[in-house]
1. Starting from 0.36 nm per residue, how many nanometres of slack lie between Arg95 and Lys18 once their C-alpha separation is accounted for?
2. Using 7 Å Cα-to-Cβ label points, what is the His120/Glu44 separation (nm, one decimal)?
3. On a 0 to 90 degree scale, rounded to 10, what angle separates helix 20-35 from the longest Cα axis of the chain?
4. Is there a quick way to get the dipole size of the chain? I mean about its Cα centre, with the Cβ of Lys and Arg at +1 and of Asp and Glu at -1; what is the value in debye to the nearest 20?
5. Describe numerically, in nm with one decimal, the distance between label points set 7 Å from Cα along Cα→Cβ at Asp55 and at Val73.
6. What's the local net charge at Tyr84, with K and R +1, D and E -1, over the other residues with C-beta under 15 Å away?
7. Ranking Val73, Val34 by Cβ neighbours within 10 Å, fewest first, what do you get?
8. With P(r) over Cα pairs in 10 Å bins from 0, in percent in mind, check [x] 10, 32, 29, 14, 9, 5, 0; [y] 13, 47, 34, 6, 0; [z] 10, 29, 32, 23, 6, 0 and report the label derived from this structure.
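Nothing in this text is a laboratory measurement; each read-out follows from the coordinates by a stated rule. Bear in mind that the values here come from a model prediction, so they are computed numbers and not experimental data. Neighbour counts run over all protein chains shown; Cβ positions are idealised from the backbone, glycine included.
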Amino acid sequence: MFELFEHKADAGVRGVGKSKEEAFAECAKAMFSVMADLKKIGSEEKFDVEIETNDLESLLVDFLNHLLYLRDVNEMLFSRFDLYITNDGGGWKLRGRAFGEKINKEKHGIKSDVKAASYHQLKVVEKNGKWLAQCVVDV
């Protein structure tokens, strides 16, 4: 499940899932839902994603910003994510794939542009068997 939450000037994105991976994927879906109608984004093309960082919260921000980089460089929108998150004692690693298709403004119902994911209201926590991943994105 993903949702947006209110923020004065920007947009809050939140993902909830049974695992860290599911929460991260849902948070990414929330971010792309700010930009376009997710139901209209196909998943024919795939891009490998690899991110490494020291803490879980930074991993979320780096992941979302990497997706925005892929969007800009390849003119893509993404709607599905297969992710694996590990901690080897030396830091956190995210590996996986992002699935999407080339941007088509008419088909996708482009809403607004997300410039970056921020550390504002950043949270990655597990509570009662559910994971929550959230942050504010700059629109």
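1. Taking Arg95 through Lys18 to full extension adds about 25.9 nm, to one decimal.
2. 3.7 nm
3. Between helix and principal axis, roughly 30 degrees.
4. On the way: 21 positive and 24 negative charges, 88 e Å.
Computed charge dipole of the chain: roughly 420 debye.
5. Placing both labels 7 Å beyond Cα along the Cβ direction yields 2.7 nm.
6. Taking every other residue near Tyr84 into account, the sum is 0.
7. In order of increasing Cβ crowding within 10 Å: Val73, Val34.
8. Looking at P(r) over Cα pairs in 10 Å bins from 0, in percent for this model, the match is [y].
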